[in-house]
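The values are calculated or read from the model by the stated rules, or taken from the named source; none is laboratory data. Everything numeric here is computed off the predicted structure, so don't read it as measured data. Cβ placement follows ideal geometry from the backbone for every residue including glycine, while neighbour counts extend to all protein chains displayed.
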Amino acid sequence: MAFDNEAFEEENFAEMLEASFKEQESTRITEGEVVEIQESDNRALVGVGEKLEGILSLDEIRDASGNLLFNVGDKITVMVIGHYNERPKISYKKVLEQEKTLAFINAHKEDFESVVIEALVTKKNKGGYLLEADDVHFFLPRSLAAFKDTDQVVGKTIKAQVVKVDAAEASIVVSRRKLFNDERKRKKEVIDALMEEGKVIQGTIKKITSYGMFVDAGGIDGLVHYNEISYKGPVNPSKLYKEGDIVNVKAIAYDKEKRHLSLSIKAVQSDPWKEVEEALDEGDTITVTVSNIEPYGVFVDLGNDIEGFLHISEITWDKNIKHPKDYLTMGQEIDVEVIEINSNTHKLRVSYKRLQPKPFEEFLKKSREGDVATGTVTSLTDFGAFIKINGVEGLLHNQDLSWDKNAKCKETLKVGDEIEVKIAKINVEDEKISLNRKSLEESPIDKFALTHKMNEVVSATIRDIKDFGVFVSLEGGVDALIRNEDLSPMEPEDLQIGQVIDAVIMVIDPKRDRIRLSVRKLERIKDQEMLDEINDNDSHSLGDLIKDKFK
């Protein structure tokens, strides 16, 4: 909006100035002479002609240290601005201010309409506001203030544009309205120029925040969001830039309603993803630098503003990895294999472990089924323990820990223990290893077999009763089974846990870790012994023996 000079002229500027300065018709500038210093009243009497002595405050003629600049007899130029008790009221300060105002007018008389000032509002009157900057005085008419007429603006610093100067009156008129209108017009021109396709400009970083940077782009502040700084993705701007840095930017959007300009740094740069898509394939090996380490994985720098992601599961073959920092360090150069290139999401995934020797394959080179090895307990579960041998883990089930069937790995071992085990089975296809510890110890059944033989009668204590038979305990902690068909003439429902019964050893099988007993066979043996006794004793008949048995 252009400055309306005619409308401004309609305002009675003379009345405004009169109200502003409370000028009297006797106001004039003259050369006087200091005739008396009255320290007690903080004033000086200055002769200003016509046998008149004006009153001048001593505060106007003191330097910064409080010393007087003029003494009795000195000549001094003053402004006569009124009367006080029939004496002229004069000012030395207003002469200096007028001189500075005239100097400002002379300096800008050819281009004053392009001058923008920043001044302190010192006073409000019925016509507008008095402003001061560097001892130069300005007048802001109320109609050009562009804010609500209020006393609260007094004491605040504001910006305004010079619209009129008058050397004869030593006056300078300013307008905030014209400043705003010109500023809006200029911003629109700048934004229109910025939004031209392909337009690249230099900007100055004014402020850095956690979400981006505010950049002065030709007088217009725009935001470079942290997503628009680098093709790496969201970055911390404070790690890359500092306030005052010069950057090349492009305008990518402008919200007219919010007057929000969005800028981009990465839009100025060539898209490195095109190079990645052309130069790399999945399965390629590349050298990268560790740029950021997080608990869930590592970000690696390819060296061309592209970052790849190395998930924690792709760092090592060790399944017990706790944190990537235990294996990699910031700035470390490593070789990785490209395992995924997603052009749509600009995601690059890599693997470090795939270029390392596979522990299971190394294990197969050194170990065989039946080998005895020393391993370290890495974890304990309800069903057993995992033990690391030559870089891989094998499983030791509870049932293979000890000949004691009640023994549990959780109760016997602790993480970090070193124990000796036998490699019982290697499943190459599933990469699983079964371990055995009890096979390294002498079997209780082996011990039992040394002192017992088939058809021997033993005493057994019932430990458990099942649908198919009865489990019993023998000496030395050995368990045996009596099947239902071998219990006769006993009936399972008549038996109790803890009951001691006699039976005959039917089977001792150390390889299969089992012993079978039979009550029925014991009865047959007893019957056979009775017949043998009959045959060996001629003095008794069979009937006699039977009679004796039932007496």
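What the table shows:
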quantity: Filter result for ILE315 (surrounded by 14 or more Cβ atoms within 10 Å (Cβ to Cβ), closer than 29 Å to PHE363 by Cβ and not assigned by TED's automatic domain parsing to the domain that holds GLY219); calculated: yes
quantity: Yes/no for LYS511 being outside the structural domain of VAL421 (by TED's automatic domain parsing) and more than 23 Å from ASP400 (Cα to Cα); calculated: no
quantity: Selected residue (criterion: surrounded by the fewest Cβ atoms within 10 Å (Cβ to Cβ)) from residues of the stretch 421-444 that are modelled with pLDDT under 90 and not in a loop (DSSP other than H, G, I, E, B); calculated: LEU440
quantity: Top-ranked residue of the stretch 297-319 - restricted to ones that are touching a Pro at 6+ places or on another chain (Cβ under 7 Å) and within 15 Å of GLU275 (Cα to Cα), ranked as modelled with the highest pLDDT; calculated: ILE306
quantity: Residue count, the stretch 82-131 (criterion: in a loop (DSSP other than H, G, I, E, B), without any contact (Cβ under 8 Å) to a residue 60 or more places away in the chain and of a type outside the set (Phe, Trp, Tyr)); calculated: 6
quantity: Pairs, first free of Cβ contacts under 8 Å to residues at least 24 places away in the same chain in the stretch 354-379, second in a strand (DSSP E or B) and hydrophobic (A, V, I, L, M, F, W, C), C-beta under 6 Å, six or more apart; calculated: none
quantity: Which listed residue is on the phi < 0 side of the Ramachandran plot, out of contact with any Phe, Trp or Tyr (no Cβ under 6 Å at 6 or more places or on another chain) and of a type in the set (D, E, K, R), from LYS258, LYS206; calculated: LYS258
quantity: Unique residue being under 27 Å from ARG43 (Cα atoms) and buried (at least 16 other Cβ atoms within 10 Å of the Cβ) when the list is LYS89, LYS124; calculated: LYS89
quantity: Members of the stretch 48-75 that are assigned to a loop (DSSP other than H, G, I, E, B) and under 16 Å from GLN38 (Cβ atoms); calculated: PHE70, ASN71, VAL72, GLY73, ASP74
quantity: In the stretch 333-367, the residues that are modelled with pLDDT of 90 or more and exposed (fewer than 14 other Cβ atoms within 10 Å of the Cβ); calculated: GLU333, ASP335, GLU340, LEU355
quantity: Any hit, the stretch 478-492, residues being farther than 24 Å from VAL372 by Cβ, among the β-branched types (Val, Ile, Thr) and without any contact (Cβ under 8 Å) to a residue 40 or more places away in the chain; calculated: yes
quantity: Entirely in the stretch 302-420, the strands (runs of 3 or more DSSP E) that have 1 or more residues that are among the hydrophobic types (A, V, I, L, M, F, W, C) and touching a Cys at 6+ places or on another chain (Cβ under 9 Å); calculated: 372-380, 384-389, 392-397
quantity: Selection within the stretch 102-122 - at pLDDT 85 or above and either within 15 Å of ALA160 (Cβ to Cβ) or among the β-branched types (Val, Ile, Thr) (or both); calculated: PHE104, ILE105, VAL115, VAL116, ILE117, GLU118, ALA119, LEU120, VAL121, THR122
quantity: Of residues in the stretch 159-194 being under 54 Å from the mean Cα position of the chain (by Cα), outside any helix (DSSP H, G or I) and without any contact (Cβ under 8 Å) to a residue 60 or more places away in the chain, the one surrounded by the most Cβ atoms within 10 Å (Cβ to Cβ); calculated: VAL174
quantity: Residue in the stretch 64-76 that is buried (at least 18 other Cβ atoms within 10 Å of the Cβ) and without any contact (Cβ under 8 Å) to a residue 60 or more places away in the chain present; calculated: yes
